[in-house]
Amino acid sequence: MSRLTLALMLSLSLPALASAETLKLYTSQPNEDAQKTVDAFQAANPDITVEWVRDGTTQLMARMTAEMEAGAGQPDVLLIADTVTLEGLAQEGKLTAYDSPEAEGYDPALYSADGYYYSTKLITTGIVYNTGAAEVPASWADLEKPEYKGMIAAPSPLYSGAALIHLAALTNNPALGWEHYEALAANETVAQGGNGGVFTAVAAGEKPYGVLVDFMALRAKAEGSPVDFVFPAEGVTYVTEPVAIMAGAANIEAAQKFVDFVLSEEGQQLVVDMGYIPARNGMESPEGFPARHGITLMNFDAAKALADAEANKARFAEIFGVQ
Amino acid sequence: MIASTAPFSRSPDRLISLLLLPVGLIALGPMLRLLGEGFGVGSELTLGHAAEVLGRASTLTALQHSLFTAGTGTLLSIVIGSAFAFVVALTDIRAKAALVFCLMIPMMIPPQITALAWMQATGPSSVLLKTLGLAPPLGSPQPLYSAWGISLLLGIQHASIIFLTLRAGLRMIPGDLVEAARISGARGWRVWAQIVLPLSLPSLAAGAAMTFVTALGNFGIPAMLGIPARYSTLPTLIYQRLVGMGQTVLAEVAVLALLIGVVAIAGVLAGRLFLQRRAYGLVGLASQPLSLSLGRKRPLVEFILWGFIFFTLVVPLLALVSTSLIPAYGVPLTLDTATFKAWVEVLFNQPVTRRAYANSLLLASAAALILMAVCIPLAWLMQRRATQLTRVIDALVDLPYALPGVVLAIACILAFMRLPFGITLYGTLTIILLAYLSRFLVVMLRPVQAAIGQLDPAMEEAAASSGARLGRRLFDIVLPLSAPAAAAGAILVFLTAVNELTVSALLWTGGTETLGVVIFNLEDSGDTVMASALATSIVAVVIALMAIVQLSASRLPKGTVPWQG
Amino acid sequence: MAGLTFSNVSKLYAGTPALDGIDAEIAKGEFVALLGPSGCGKTTLLRLTAGFEMPDRGRVTLGGRVLADGTVFVPPEDRNVGIVFQSYALWPHKCVAGNVSYPLEVRGIAASERKRRVAEALELTGLSSFADRAPAQLSGGQRQRVALARCLVADPQAVLLDEPLANLDLALRGAMQEAFAAFHRRTGATMVYVTHDQTEALALADRVAVMESGRIRQFAAPETLYDQPQDCFVAGFVGDGAVVKVDRAGTPVDGEVVVHALGQEIVARGHGMTPTHICIRPEQVRVDSDGSIIARVTSCTYQGGRFRVSLEAAGETLITHVPIRAKIGEELRLSLQYPWAFCDPVGTTAIPGQAHA
């Protein structure tokens, strides 16, 4: 019984501890990367302890809503997939603006003018394929061909923030539009779950082709997985994994230090070491990745994506017959 | 005229009756809260939600799928479980203890790990098959991503329930019934078919009902195998709705949960009915249990049984282990490529694993101990002081276990999110503990009830006549005699709770992750290799714990080891 | 001096009376048997005495102290009666000594004193060498004695026995009956013994209460029950013989009365009200060539040393013992030697079966 009381007291006292030297981080990065980021930050700031929670973007949002409703405390910093979600939060007044000195090293398009959020990486979505596959796709349009029928896996916009942005960008691209998605559905594309599932399916060979974020494919390729990655001809969509400070954060100072850290050269070098393209200007891409200027980024309107988010999800659900 | 109160009603009894209050609140409170939510209690009472949700095509499809997979899975469990039960209980095959131990292992391994292991074993990328050169060509669908795949794994996962129930029933058949048949001229198969089988049917039916209900509420297997195939069952439908749409669909989800609940209750009642009939005519007869000799067919039967164990237990586990040893997913396992990198990373580098192990072990132990302390007086109360209230609680206490963990989690969130005095339990270990207590109460209660039911009431009367009061009687007489059953229940609760996923999947937050949640997260973010490593470590721990219990069996009182009876 | 008394005790189960107005006084040190067929209420009365049931009406007192009535109820823990159950109710997780010492442990008696009294009780029941055995290792008779030892280790005011020999085989029963008798002689305890076996009751008890349908039919010494049964039920249940309805009868004078039955004028013993029945024991029927009753043999059974013969006379069945086998259908002449005549109270039930082999 005393263990229970202890656990109860510990968990209820967490908010109290937070005001000391604890920072609460919610992130949708893979576990390993979140761990490395936190480790590096704590090494640079030994007086601050970071507690982090990792989950898919949608789940994180749901969790945060529930916690705020319950009055059970909230995170201090967010480091999640896409700017659209954070733009939404900023418009709801749930973020705190911060003018980071590190912003000078960045393209203004990559951070909120008011300082609500800052991009930390460039994660593009392209096509991954199993090296044993019969075809090597070169463009998004290739996926509509009959040779690819029943062989494609893709992440679901209902689950993954990156997939939602991918959907918004492609459907607004005159060369592809909603017809592309309808064609994918007709080609029996399996669109379920997140990027992790897509990678597993392609690496396993169940679905030789997939729509996937770049780092997952290239990192695995470097470790010997039988996969390879293509930056399609029409261009790639991208998410930038922005960092933001929550309104009502218990430890503003520590949160600001965190933001500065991930945006600093040191923080961005860590990004490179982890196998992502850094957002900061003038830094080298990691091995196996093309240089930043060599990648065609598809046009993307974040505000429009935010406004259309629900409608897009609904239409997608209809096309793919998701209940 | 003296009022006809029971001769023992004094304050100790009233104190015990107070036990019913917290039990009722924790075990049933969340369910009732959920029921209320489904009918709009709190906003406006309406059947609108219910009507709308039940009318949807997605609901009906999911219901059909659930009934189909649970039904065929149960049939498969019956075939497997009863074959093992008949052979183990009635014949003279060797190494029974080892066989039973191996059969029990799948029951203790969480369903999503089972699914993971089987997925690694089959399909075009199976590390195992690739290494053996037997992998099917690229692009072949994973055969398990189908209704039949789900049914197959459900059948194997729950075969042990049928085994345990049927074996208990077979042990009650006295040897002289069979001797009478043989003297009358019946031989071999005839004896089995015309004497043993009819007498064991009630037990078999009870086991089948329990299996059906469990299969219905299973989340892990349809989640791993059904979602990729777009084959939804009621539990996965609930999960997807909740995850995709956020908190606003709680009312809808409540209705879906009620649907499962109704089917589950029907199943539970059916099982109860059959169990009552089982006792007819066989109670109180104590003689040598049955034992048929297999003669020359014995090695063949043993070969078949062990072969089955090999394919359903060893092969998937081997697949799981092989996947944990490759450097990146999709790479074939060879002596050169084998590495412990994933093991090191997930077990030693990531603090979340240590936390999860600590949390899971703490929660499982706390749940087991608290339930032991609660269930002995509770079972005694239900047996000796049965009232309408205790009977109602008895009937309802199966629900939190029968319903999918997702549902219980939602119910707990609703019930414990906003408590008086501004306390909330959301995001704490406590809410997970309360959910476990609610869910596993029945796992502890049933064995203890059975043990107390078999206690001759005269023993307590003798103690009363010797001068011992209620508290003393409970401690000196009831507790020691029901302790083996309670210990067996505690072992079962611990092993099941330690790798529970579905409930904690929705209740966890930073710091309160459980093992099941971590595996799910790893798999979700594409770290299948690490997920496999962690899963293998858990399986190893579970098997080690089971082995410790098994090896101490000779020193423990009879009935403590749950699978040896 | 008060022992155990029941005053108008009644108990109802779902409207049916299990006990109906029981009045009885059991003296201190008396050995009383409650005898009757199953369902007569004897076990209920026993459990009521122990405190496991509450009377709906009436009062129970023991040693001058009220155990149960309308206002007071003393729970079993506080009654200080010992009870030997039919199933012995030995606790399997305690050894013999542990079982026997439990009542003393509960009373907080010091360990050394406990040991002494336990040893005494075990010696009294002949179990001293079994002190460390587990109940599972004992035979039926030994378990019986452990239950008895446990019962008396705390010096109870009364010892209750609930069909204690029902589960033992015949040979053992005889030995145990002697053990109970010896036990009673030695300790002088007040004992209430429930049984359905009349031989046992008659052999062991100082007085027997014959019960039927929740009522005590007759509560008297065994010889009295045998020689002078008060109603048809007792006459039929206890002992062998015939109960015959009389056609008409006179009034008893000086212990004798003339009745007309079996088509004869018969002189019988009796007192009180005009008799309605006579009870004819086998030894009161004599085969007499001058006898006035003509009877035909309907069955003849050997009983070791004599034959029990069933005879039909004037539409009634009579029982007697003869030294030589009689042929079925043989005609014999009988005479009756002072049977007992009694008045059966109105509303009694049928005469229980008279087939005592």
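The values are calculated or read from the model by the stated rules, or taken from the named source; none is laboratory data. All values derive from a computational prediction rather than experimental measurement. In this analysis, Cβ positions are derived from the backbone assuming ideal geometry, glycine residues included, and neighbour counts consider all displayed protein chains.
Within the range C:109-148, the set of residues being within 14 Å of chain B (Cβ to nearest Cβ) and in a helix (DSSP H, G or I) comprises C:114, C:117, C:118, C:121, C:135, C:136, C:140, C:143, C:144, C:146, C:147, C:148.
Residues in the range B:37-64 that are β-branched (Val, Ile, Thr) and either modelled with pLDDT of 70 or more or surrounded by 16 or more Cβ atoms within 10 Å (Cβ to Cβ) (or both): B:53, B:59, B:61.
With respect to residue B:413, is the statement that it is within 24 Å of residue B:112 (Cα to Cα), assigned to a helix (DSSP H, G or I) and within 12 Å of chain A (Cβ to nearest Cβ) true? Yes: the conditions hold for residue B:413.
Summed over the range B:416-449, the residues that are touching a helix residue (DSSP H, G or I) at 6+ places or on another chain (Cβ under 7 Å) and either closer than 19 Å to residue B:265 by Cβ or at pLDDT 80 or above (or both) give a count of 20.
Can you tell me which of (1) over 30 Å from residue B:232 (Cα atoms); (2) touching a residue at least 60 places away in the same chain (Cβ under 8 Å); (3) in a helix (DSSP H, G or I) is the one residue B:68 doesn't meet? Going through (1) over 30 Å from residue B:232 (Cα atoms); (2) touching a residue at least 60 places away in the same chain (Cβ under 8 Å); (3) in a helix (DSSP H, G or I) one by one, residue B:68 breaks only (1). Somewhere in the range A:114-123, is a residue more than 28 Å from residue A:78 (Cβ to Cβ) and within 14 Å of chain B (Cβ to nearest Cβ)? No, because not a single residue in the range A:114-123 is more than 28 Å from residue A:78 (Cβ to Cβ) and within 14 Å of chain B (Cβ to nearest Cβ). The criterion of being away from every other protein chain (no Cβ under 12 Å), farther than 30 Å from residue B:34 by Cα and among the small types (Gly, Ala, Ser) holds for residue B:324. Remark: pairs (first residue in the range A:187-199, of a type in the set (Asp, Glu); second residue surrounded by fewer than 24 Cβ atoms within 10 Å (Cβ to Cβ) and assigned to a helix (DSSP H, G or I); Cβ separation under 8 Å; 6+ apart in sequence or on different chains) are absent.
How do the helices (runs of 4 or more DSSP H) wholly within the range B:455-565 filter down when requiring 3 or more residues that are buried (at least 21 other Cβ atoms within 10 Å of the Cβ): which remain? In the range B:455-565, B:457-465, B:479-498, B:502-507, B:515-524, B:528-551 are the helices (runs of 4 or more DSSP H) which contain 3 or more residues that are buried (at least 21 other Cβ atoms within 10 Å of the Cβ). Just so you know, in the range C:94-108 the residues that are buried (at least 17 other Cβ atoms within 10 Å of the Cβ) and assigned to a loop (DSSP other than H, G, I, E, B) include one that is farthest from the other protein chains (Cβ to nearest Cβ), and it is C:95. Can you tell me which residue within the range C:275-300, out of those that are at pLDDT 90 or above and in a loop (DSSP other than H, G, I, E, B), is surrounded by the most Cβ atoms within 10 Å (Cβ to Cβ)? Among them, the one singled out is C:275. Going by the structure shown, is residue B:487 within 22 Å of the chain's Cα centre (by Cα) and touching a residue at least 12 places away in the same chain (Cβ under 8 Å)? Yes. Summed over the range C:302-331, residues that are surrounded by 10 or more Cβ atoms within 10 Å (Cβ to Cβ), of a type outside the set (Val, Ile, Thr) and assigned to a strand (DSSP E or B) total 10.
Taken over the range B:272-314, residues that are at pLDDT 70 or above and in contact with a strand residue (DSSP E or B) (Cβ under 6 Å, 6 or more places away or on another chain) amount to 2. Do any residues in the range C:82-99 that are on the phi > 0 side of the Ramachandran plot have Cβ atoms under 9 Å from those of residues that are of a type outside the set (Asp, Glu) and part of a loop (DSSP other than H, G, I, E, B), where the two are at least six apart or on different chains, and which pairs are they? That search, which allows pairs on different chains as well, returns C:88/C:164; C:88/C:167.
Restricting C:42, C:28 to those that are buried (at least 22 other Cβ atoms within 10 Å of the Cβ) and either within 11 Å of another protein chain (Cβ to nearest Cβ) or not hydroxyl-bearing (Ser, Thr, Tyr) (or both) reduces the list to C:42.
Out of the residues in the range B:353-372 that are surrounded by fewer than 21 Cβ atoms within 10 Å (Cβ to Cβ), aliphatic (A, V, I, L, M) and more than 10 Å from every other protein chain (Cβ to nearest Cβ), which is farthest from the chain's Cα centre (by Cα)? So the residue we want is B:358.
Considered as a group, the residues in the range A:277-323 that are aromatic (Phe, Trp, Tyr) and within 14 Å of chain B (Cβ to nearest Cβ) include one that is nearest to residue A:178 (Cα to Cα), and that residue is A:316. Restricting the range B:202-238 to residues that are farther than 23 Å from residue B:107 by Cα and outside any loop (DSSP other than H, G, I, E, B), the residue that is modelled with the lowest pLDDT is B:238. Screening residue A:282 against (1) outside any loop (DSSP other than H, G, I, E, B); (2) within 27 Å of residue A:104 (Cα to Cα) leaves a single unmet condition, (1). Suppose the filter is surrounded by fewer than 23 Cβ atoms within 10 Å (Cβ to Cβ) and away from chain B (no Cβ under 14 Å); does residue A:187 pass it? Here the answer is no, as residue A:187 does not meet what is asked. Taken together, the criteria place residue B:391 among residues that are of a type in the set (Lys, Arg) and either within 13 Å of chain A (Cβ to nearest Cβ) or within 30 Å of residue B:70 (Cβ to Cβ) (or both). With the condition kept exactly as written, say whether any residue in the range B:315-322 is modelled with pLDDT under 85, closer than 20 Å to residue B:197 by Cβ and touching a helix residue (DSSP H, G or I) at 6+ places or on another chain (Cβ under 6 Å). So far as the range B:315-322 goes, no, none of its residues is modelled with pLDDT under 85, closer than 20 Å to residue B:197 by Cβ and touching a helix residue (DSSP H, G or I) at 6+ places or on another chain (Cβ under 6 Å).
Considering (1) within 23 Å of residue C:317 (Cβ to Cβ); (2) outside the structural domain of residue C:120 (by TED's automatic domain parsing); (3) at pLDDT below 90, the lone condition that residue C:245 does not fulfil carries the number (3). Those strands (runs of 3 or more DSSP E) of the range C:1-90 in which 3 or more residues are at pLDDT 90 or above and of a type outside the set (A, V, I, L, M) occupy C:4-13, C:16-26, C:57-62. Residue A:179 meets each of the listed conditions (1) free of Cβ contacts under 8 Å to residues at least 12 places away in the same chain; (2) in a helix (DSSP H, G or I); (3) facing chain B (nearest Cβ under 7 Å) apart from (3).
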